[in-house]
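Below is one structure; the comments refer to it alone.
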Amino acid sequence: MTRNSWVLVAVALLLGIAYLFGFTDLGRVLQIQINVTSRPFAPGLAPGEALPIIFGLDREWSLTRVRVAPVAEITNAKPRWVWNLASEKGSAPSRGFAYGDEVEGLRRVGGSTASALVPGTAYRLEVEAVGARGAVDFTPQAASGAAP
C-alpha cells in the first residue's frame, strides 16, 4: 500500500473512533434518574419525625451502592453517611426502595442501620450500578401528628 492509502485508512479510523465516542454512549457513564416521594400518611409517627421517603428509579437497575449523607457533609473528605449499602455483584433488579429498608443483594457498610432523618435537613442520595450512576437531593418533611 502506498503512503496515501495508509493516511486515508488512518483518517477513516480516527473518524470512526470519534463517531463512536461522540455520538454513542460508548465510554460514558449512564445516568440513573431518581424520583423522590414522601408518604404523608404514616400512622405511628410522632409529631416532628420525618415522613417516610420512597425513591423510584427510571428502570430496573441492579444496584451496587446506595448511600445517603447530609448535603452539608458531601464536600468533606470523609462524609458521614447516614445510610450506606454496597455489594460487589449488585442487588436484585429494582425499580425503587424506601429509605432505611434492606435492598435485596446489598449489605450494610460498617454494620450500622440507617440513621433517622432530620426533617428540614437537605440530604443527597447517591446510587451506583455497573456503568451507571445517579444522585438526587431531598429534604424530608416532618409528620404533623394530626389524626385523620
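Some observations on this one:
- Residue check, T64 more than 21 Å from G105 (Cβ to Cβ) and hydroxyl-bearing (S, T, Y): no
- All positions within segment 128-148 that are surrounded by 16 or more Cβ atoms within 10 Å (Cβ to Cβ) and either in contact with a Ser or Thr (Cβ under 9 Å, 6 or more places away or on another chain) or in a loop (DSSP other than H, G, I, E, B) (or both): E128, A129, F138, T139, P140, A143
- Filtering V118, V103 for residues that are assigned to a loop (DSSP other than H, G, I, E, B), touching a residue at least 24 places away in the same chain (Cβ under 8 Å) and in contact with a Phe, Trp or Tyr (Cβ under 6 Å, 6 or more places away or on another chain) leaves a single hit, V103.
- Verdict on F41 being assigned to a strand (DSSP E or B) and either in the same structural domain as E128 (by TED's automatic domain parsing) or touching a residue at least 24 places away in the same chain (Cβ under 8 Å) (or both): no
- Selected residue (criterion: farthest from W61 (Cα to Cα)) from residues of segment 1-33 that are without any contact (Cβ under 8 Å) to a residue 12 or more places away in the chain and of a type in the set (S, T, N, Q): T2
- Filtered by the rule that a residue be closer than 30 Å to P119 by Cβ and among the small types (G, A, S), segment 1-42 gives S38, A42.
- Among residues of segment 70-96, those that are aromatic (F, W, Y) and either modelled with pLDDT of 95 or more or in a loop (DSSP other than H, G, I, E, B) (or both), counted: 1
- Hits in segment 3-29 - residues which are over 33 Å from the mean Cα position of the chain (by Cα) and hydrophobic (A, V, I, L, M, F, W, C): W6, V7, L8, V9, A10, V11, A12, L13, L14, L15
The values are calculated or read from the model by the stated rules, or taken from the named source; none is laboratory data. Here the structure is a predicted model, which is why all the values come from computation and not from measurement. As a convention, Cβ positions derive from the backbone with ideal geometry for all residues, glycine included, and neighbour counts pool all protein chains shown.
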